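A quick write-up on the structure given underneath.
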Amino acid sequence: MSAKILVVDDTPHNVKLLADLLGVKGYAVATAATGEEALAKLGAEKPDLVLLDIMMPGLSGYEVCRQIRADPCTALLPVVLVTSLDPQQERVKGIDAGADDFLSKPINQPELFARVRSLLRVKALQDEVARHTEALKVSNLKLEQRVDEQLAQLDRLSQLKRFFSPAVADAIVSAGEKSILAPHRREISYVFVDLRGFTAFTDSAEPEEVEAVLRDYQAAMGSTVTEFEGTLDRFAGDGILVFFNDPLPIAEPGRRAATMALAMQERFAPLRERWVKFGYELALGIGIAQGYATLGAFGFEGRWDYSAIGSVVNLASRLSDEALSGQILIDRRTCAALGDAAEVEPLGKLPLKGFAQPVPAFLLKNLVS
């Protein structure tokens, strides 16, 4: 696309001469007979260069040049002042007004074309810089938006990791599956972990001792939950509530729950040995149940917990209450899901609080490959 030049002169002959010369060289030409007309055409014509006569009725070339420089949209537009007066005398005034170059009348054609080409090169470079600047602004804006989005995502991920394993939390954030946090129904394996003897311990121990025990206990058990990719319902004092097969389905949730429970008992042993030396009689009891529950984010604005609601939760809790030190009690559905992979001991039907009929229970001893 050819450059456009605005020729401003109150003498029609001069305007036609310059327009013809520039047109022959392939430039697009717009014309104005007064300074006021020239300023009006700047916005409409958007010229790349202005050839501006100094001596005109109304606004002089100097005043037009000053107004061009005062407008941010045209502040860098190349302006060549054309004069028939003493060039040395007019040059100082022109520089003060903001002119880029000067031409004397009568016009010397080679000089005209040389100055036009030179200033158009400058204009092209200025336009390129402006394009890059604008592109940089857009890029920075997009970068800021991405940073804000990533910070929001990190904040959301941090919140999700309170409940889910890192892998599950990452999957939810990456997929943008907000609906997965809405209440829904699914079959899960629920694990209730509880410290035996904790109430008696808290009655006799100092608060600092209780805090130290809980910190070591929750750190060891919490890392085990993460390792087996369980969903942490919550820590409830000395109780730890975990479930499997939600929010994302997994294969054999019952086996995953049982494997984690056995690992917890194994990793609890060194803690128990250390606490015995301090006179703390603490042990681990675990209950596992399998069944349907309603799951999702429950709470209110500013405080949401991802949790499970249903009789399967109560059953796991009651089985945990019945478990003696070091025992893992499972319900009939969990036992059936484990099948021949589990070494279990039937305990018969146990009367459990909150259940109208006694519930069959099994002592999980081991898992075989």
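Before moving on, here are some points about what is shown:
- Segment 234-243, residues that are touching a residue at least 40 places away in the same chain (Cβ under 8 Å) and of a type in the set (A, V, I, L, M): ILE240, LEU241, VAL242
- Exclusive hit being surrounded by fewer than 15 Cβ atoms within 10 Å (Cβ to Cβ), of a type in the set (A, V, I, L, M, F, W, C) and either in the same structural domain as VAL191 (by TED's automatic domain parsing) or touching a residue at least 12 places away in the same chain (Cβ under 8 Å) (or both), set ALA316, ALA269: ALA269
- Residue in segment 225-233 that is free of Cβ contacts under 8 Å to residues at least 24 places away in the same chain, under 25 Å from ASN366 (Cβ atoms) and surrounded by 16 or more Cβ atoms within 10 Å (Cβ to Cβ) present: no
- Where GLU36 falls short, out of the listed (1) over 19 Å from GLY98 (Cα atoms); (2) of a type in the set (D, E, K, R); (3) outside any loop (DSSP other than H, G, I, E, B): (1)
- Of all the residues in segment 329-362, those that are touching a Ser or Thr at 6+ places or on another chain (Cβ under 9 Å), touching a residue at least 60 places away in the same chain (Cβ under 8 Å) and among the aliphatic types (A, V, I, L, M) number 3.
- Members of segment 347-360 that are hydrophobic (A, V, I, L, M, F, W, C) and more than 47 Å from the chain's Cα centre (by Cα): LEU347, LEU350, LEU352, ALA356, VAL359
- Listed by first and then second residue, the pairs linking a residue in segment 14-43 that is over 22 Å from LEU59 (Cα atoms) to a residue that is of a type in the set (Ser, Thr, Tyr), with Cβ atoms under 6 Å apart and 6 or more places separating them unless they lie on different chains, are GLY26/SER2; TYR27/SER2; ALA28/SER2.
- Among the candidates THR83, THR74, residue that is among the β-branched types (Val, Ile, Thr), in the same structural domain as PHE113 (by TED's automatic domain parsing) and under 23 Å from ALA114 (Cβ atoms): THR83
- SER179, sole failed condition from (1) touching a Cys at 6+ places or on another chain (Cβ under 9 Å); (2) at pLDDT below 90: (1)
- GLY279 being at pLDDT below 95 and more than 16 Å from PRO247 (Cβ to Cβ): yes
The values are calculated or read from the model by the stated rules, or taken from the named source; none is laboratory data. Predicted, not measured: the structure shown is a model, and the values here were computed from it. Counting neighbours? That spans all protein chains shown, and the Cβs are built from the backbone with ideal geometry, glycine included.
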